[in-house]
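Enquirer: Have a look at this one.
Computed from the coordinates by the stated procedures, all read-outs in this text should not be read as laboratory data. Quantities reported herein were computed from a predicted structural model and do not represent experimental measurements. Glycine also receives a Cβ, built like all others from the backbone with ideal geometry; neighbour counts cover every protein chain displayed.
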Amino acid sequence: MIADVKKSAEQKMQKSVETLKTDLGKVRTGRAHAGLLDHVRVDYYGTPTPINQVAGVNLIDARTIGVSPYEKKTVGAIEKAIRDADLGLNPSTQGDLIRVPMPSLTEERRRDLTKVVKAEAENARVAIRNVRRDSLAQLKELQKAKSISEDDERRAQDEIQKLTDRHVSEIDKLLALKESELMAV
């Protein structure tokens, strides 16, 4: 029973960290990377479809992403989807290739993005603390039902706290890495 509670807590905490990694990947820095367009959906014959299913996405150089549509008809829809994705990008079409140049970030914009990143990290920390709270409540229930002893409950609480500390420190490392990436010119 205790092992189930700990395993569940571990999985939920890990999921929170993975979600943060995904969210941080969406916050753009000055450099181009193909993953930046992963969440862009293209209207493909009336169906919102991920961009990587209707076009090849690759890097042309450090500041330019190249998008090669699989079908010539979808060029306009892909360009519109990138423009409407609220990423601050302005694609331009050259024949079959859509070029997406990455504008350089101003100091003010970098600071704003740092605030956004800090908020995302805090949301992840809160999610992990909520998992800890729920797990501790489950342990209390088990102890009240006399399924486990007080000593076992105390040991399990300590282990869940160690899990929490480990995942929060992982979040802090991810945050520091992203902040340094954002502030690098």
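Enquirer: I'd like the FRET efficiency for ARG109 and LYS15, computed as 1/(1 + (r/R0)^6) with the beta carbon distance as r and R0 of 30 Å, rounded to 0.05.
Expert: The formula returns an efficiency of 0.50 here.
Enquirer: Placing unit charges on C-beta atoms (Lys and Arg positive, Asp and Glu negative, everything else neutral), compute the dipole magnitude of the chain about its Cα centre in debye, rounded to 20.
Expert: 120 debye
Enquirer: Ranked from highest to lowest mean number of other Cβ atoms within 10 Å per residue, what is the order of the peptides 131-140, 161-170?
Expert: Taking the mean over residues of other Cβ atoms within 10 Å, the ranking is 131-140, 161-170.
Enquirer: Give, as a single signed number, the net charge of other residues whose beta carbon lies under 12 Å from the beta carbon of GLU18, with Lys and Arg counted +1 and Asp and Glu -1. Before the final figure, lay out each step's value.
Expert: Values: positive: LYS12, LYS15, LYS21; negative: ASP23, GLU170.
Within the 12 Å Cβ shell, the charges total +1.
Enquirer: Would you list which lysines come within 27 Å of LYS72, measuring only between C-alpha atoms, while excluding same-chain residues fewer than 8 positions from it?
Expert: Candidates past the 8-residue exclusion: LYS80.
Enquirer: Continuing with this model, one more query. Per DSSP H run of n ≥ 4, the term is -39500 (n - 2.57); total these for the chain, divide by its residue number, and report the mean residue ellipticity at 222 nm rounded to 500 deg cm²/dmol.
Expert: The per-residue figure over the chain is -20500 deg cm²/dmol.
Enquirer: Taking 0.36 nm per intervening residue step and subtracting the Cα-Cα distance, what contour gain separates LEU59 from LYS73 on full extension?
Expert: Length gained between LEU59 and LYS73: 2.8 nm.
Enquirer: I would also like to ask the following. For the chain, what does the alpha-carbon gyration tensor say about shape, rounded, prolate or oblate, given a ≥ b ≥ c as the root eigenvalues, a/c under 1.5 as rounded, and a/b over b/c as prolate?
Expert: It is prolate, given that a/c is not under 1.5 and a/b is the larger ratio.
Enquirer: Just tell me which aspartates and glutamates come within less than 19 Å, Cα to Cα, of LYS115; anything on the same chain fewer than 8 places away is out.
Expert: By straight Cα distance, LYS115 reaches ASP23, ASP86, GLU107, GLU170, ASP172, GLU179, GLU181.
Enquirer: Using the crude model of +1 on Lys and Arg Cβ and -1 on Asp and Glu Cβ, and no other charge, please compute the dipole size for the stretch 34-101 relative to its Cα centre, in debye to 20.
Expert: 100 debye
Enquirer: Going 7 Å from the Cα of ARG155 along its beta-carbon direction, which residues of the stretch 112-139 have the amide nitrogen within less than 18 Å of the resulting point?
Expert: 136, 139
Enquirer: Ordered by packing density, taken as the mean number of other Cβ atoms within 10 Å over each peptide's residues, highest first, how do 66-78, 106-118 rank?
Expert: 66-78, 106-118
Enquirer: Looking at the chain as a GNM with Cα springs under 10 Å, which of GLU122, GLU141, GLU153 has the largest mean-square fluctuation?
Expert: Fluctuation is largest for GLU141.
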